[in-house]
Amino acid sequence: MRWGRYLRKRDSHRRDARSLDPRWANQNRKEQSCWLSPVTASNNQDLMLVRRRVRAIKVPPMSEPVLPSMRVDGQTALVTGAGRGIGKGCAIALAEAGADLFVMSRTESELDEVVAQIEEVGRSAQKIVCDVSDGAAIRRHIGEIDRLDILVNNAGILRPSSLLDLSEDDLDDMLQVNCRGAVLVAQAAAEIMTRQESGVIVNMSSTFGVNGRANNSIYSATKHFIEGFTKSTAVELAPLGIRVAAVGPTAIDTPLTHDRLNDPEIGGDLLSRIPMGRFGQITDVVGAVVFLSSPAAALVSGTTLMVDGGWSAQ
């Protein structure tokens, strides 16, 4: 009697274990019935729920590598503000990761150099000379792209000023490029991605998107805008197969910022806020951008990857 009870209990455990094994998820219902039955009315509903969940599990064959790829081979990417600095670095890094590029900037001569460098790594590149705040031009240029897998929404400007000294021109310029431009480009890109039912939008935020700093109130406000825009569009576009995320860099040492960061007063104050004790490099940012653009970040959406040496953790 005890032996029979043991066998029944053992077989029950085996059925439970096999019911959770993804390899059984796509078996014929008739084959599954031999181990899913008999069932009682009381547990039938729970069992059906388990079966539905198991069928939804997508597990790669054991022969495939566990580590997802950070390659973007054969994909098409658009990078705005790509003529120099972080945008240029992002474009070249994506090309090195296997993507073909559309690079956008207001300065054609800068784009010529970027295109040449992308072609040197064996990928194709096309330049788009355009102001991101010009809605008609953005819709025209991006509308001509047949397929778009990745958007790096990078274009932005910084005009440091105290609130009392802020000019209307500087106010308008930062709002036009950092906010309006980001929305117009994302909107045009999302139209293409919606038709494909796939795509990734990577917005460029900042440490100032989660913190405040004196004499940068408007720039900080525009980056807080990017934070909210990223979260809301991620929720809105997820059912359409589109991911939206952001990168939040600290002060990055580029040819344009080098002198400012080496100013004892300005640079010293910024450096004192970074626990890791150094300014960022372009390579620090592009690694985060390529990761978010790649299959390795397939479930990452609606969040910002901070590249700020721990500043925002304080």
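Results, tabulated for the structure shown:
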{"read-out": "Qualifying residue in region 287-297 (condition: more than 20 Å from residue 88 (Cα to Cα), out of contact with any helix residue (DSSP H, G or I) (no Cβ under 6 Å at 6 or more places or on another chain) and either modelled with pLDDT of 95 or more or hydrophobic (A, V, I, L, M, F, W, C) (or both))", "value": "yes"}
{"read-out": "Test for residue 172: is it loosely packed, with under 15 Cβ neighbours inside 10 Å and either in contact with a strand residue (DSSP E or B) (Cβ under 7 Å, 6 or more places away or on another chain) or modelled with pLDDT of 95 or more (or both)", "value": "yes"}
{"read-out": "In region 155-170, the residues that are under 13 Å from residue 220 (Cβ atoms) and aliphatic (A, V, I, L, M)", "value": "158, 163, 166"}
{"read-out": "Residue that is over 23 Å from residue 293 (Cα atoms), in contact (Cβ under 8 Å) with a residue 12 or more places away in the chain, in contact with a Lys or Arg (Cβ under 9 Å, 6 or more places away or on another chain) and part of a helix (DSSP H, G or I), where the choices are 171, 111", "value": "171"}
{"read-out": "Only listed residue being surrounded by fewer than 16 Cβ atoms within 10 Å (Cβ to Cβ), of a type outside the set (Asp, Glu) and at negative phi, chosen from 140, 84", "value": "140"}
{"read-out": "Count of residues meeting criterion [within 16 Å of residue 155 (Cα to Cα) and charged (D, E, K, R)] in region 80-121", "value": "5"}
{"read-out": "Single residue of region 130-168 satisfying the filter (part of a helix (DSSP H, G or I) and not charged (D, E, K, R)) that is nearest to the chain's Cα centre (by Cα)", "value": "142"}
{"read-out": "Total residues in region 181-197, condition touching a helix residue (DSSP H, G or I) at 6+ places or on another chain (Cβ under 9 Å), surrounded by fewer than 17 Cβ atoms within 10 Å (Cβ to Cβ) and not β-branched (Val, Ile, Thr)", "value": "3"}
{"read-out": "Filtered residues of region 232-252 (kept if under 17 Å from residue 289 (Cα atoms) and not hydrophobic (A, V, I, L, M, F, W, C))", "value": "243, 248, 249, 250"}
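The values are calculated or read from the model by the stated rules, or taken from the named source; none is laboratory data. Note that the structure is predicted; figures quoted are calculated from it, not measured. Virtual Cβ from ideal backbone geometry, glycine too; neighbours counted across all protein chains shown.
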